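Report on one structure; see the data block that follows.
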Amino acid sequence: MKGIWVFNLKKWKPLLFICIASLFVASWLFIQRDHISVFTTPDGPQAFYRAENADHKIALTFNISWGEQNVRPIVNILKENDVEHATFFVSASWAETYPELVKEIADSGFHIGSHGYRYKNYTALDDEQVIKDMRRSKQVLQELTGETPTLLRPPNGAFTTRTLALAEQQGFDIVHWSVNSYDYKNPGTAQIIDNVLNATHSGDVLMFHASDTVKQTGAALPTILKELEKRDYELATLEELMSSADATSNEVN
């Protein structure tokens with residue numbers, strides 16, 4: 001005689017609720033974790049954060065959204081260490097306030113990318129607001145540099161698959177990073193150096209900041225640059241890394 005299983009739904013309902021709630025919380029934490037490396041749609045645009053086949057090449061990037069004290073010293077340190085390639089992602093509202101610094105970065109031979117216009121997470125804005133911000137940033141940077149920016153690092157590195165689609169429509173490639181110096185935490189020069197050197201491998205995109213709230217980047221950079229040179233890393237442009245055949249990406253449904 002076959003047994004018949006009878007479940008008491010009332011008895012199992014609390015446990016079922018706990019399981020569903022736990023799954024929801026786990027999913028939320030995964031989405032909200034600190035700087036997800038890359039997003040992509042199955043067949044659509046993707047964000048770049050490192051290259052697999054880079055032949056010992058890496059890229060330096062700097063974010064700027066506030067202040068004027070750190071930009072010139074950092075640019076000078078790069079020049080003193082014979083750095084030819086670096087990308088500065090600047091907030092366009094900042095660029096309007098300090099056009100002379102934007103010109104100095106460009107005249108030094110470094111690339112300028114967009115960090116948006118307002119420094120506000122794109123994930124907190126609707127599509128129309130995101131598009132307006134992207135267009136405004138492009139217009140301002142084009143007027144100041146004479147070149148149309150094509151690389152975009154959203155404020156706080158916050159974006160979704162929808163942001164990727166909107167960026168593509170506006171002619172932007174979104175660039176994330178694979179090595180975070182955590183210099184914005186002002187953890188000390190030695191810690192910034194360790195954060196970078198212990199994590200850097202061929203194909204990586206290194207992220208620093210040049211805003212005034214970040215106090216120790218300039219002190220850490222010379223040591224980092226010298227050690228990277230000793231390890232035979234070549235500082236390349238982001239475009240050069242992005243042209244590598246196997247750019248790393250993760251699929252997000």
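Averaged per residue, what accessible area in Å² does the stretch 140-202 show with a 1.4 Å probe, protein chains only?
41 Å²
Roughly how many percent of the accessible protein surface of the stretch 64-201 is carbon and sulfur, given a 1.4 Å probe and a whole-percent answer?
43 percent
Looking at the P(r) of the stretch 152-253, how many percent of alpha-carbon pairs lie beyond 21 Å?
Considering the stretch 152-253, 44 percent of its Cα-Cα pairs are separated by more than 21 Å.
Which of the residue pairs 103/138; 79/215; 120/215; 185/230; 79/230 have a Cα-Cα distance greater than 24 Å in the structure shown?
In this structure, 185/230 exceed 24 Å between Cα atoms.
Between residue 226 and residue 107, how high is the FRET efficiency from 1/(1 + (r/R0)^6) when r is the Cβ-Cβ distance and R₀ = 41 Å? Nearest 0.05.
According to the calculation, E is roughly 0.95.
The values are calculated or read from the model by the stated rules, or taken from the named source; none is laboratory data. Treat the numbers as computed from the prediction; the structure is a model and nothing was measured. A quick note on method: Cβ atoms are made from the backbone with ideal geometry, for glycine too, and the neighbour counts reach across all protein chains shown. The area values use the complete protein model at the heavy-atom level, side chains included, leaving out ligands, DNA and RNA. Shrake-Rupley method; radii C 1.70, N 1.55, O 1.52, S 1.80 Å.
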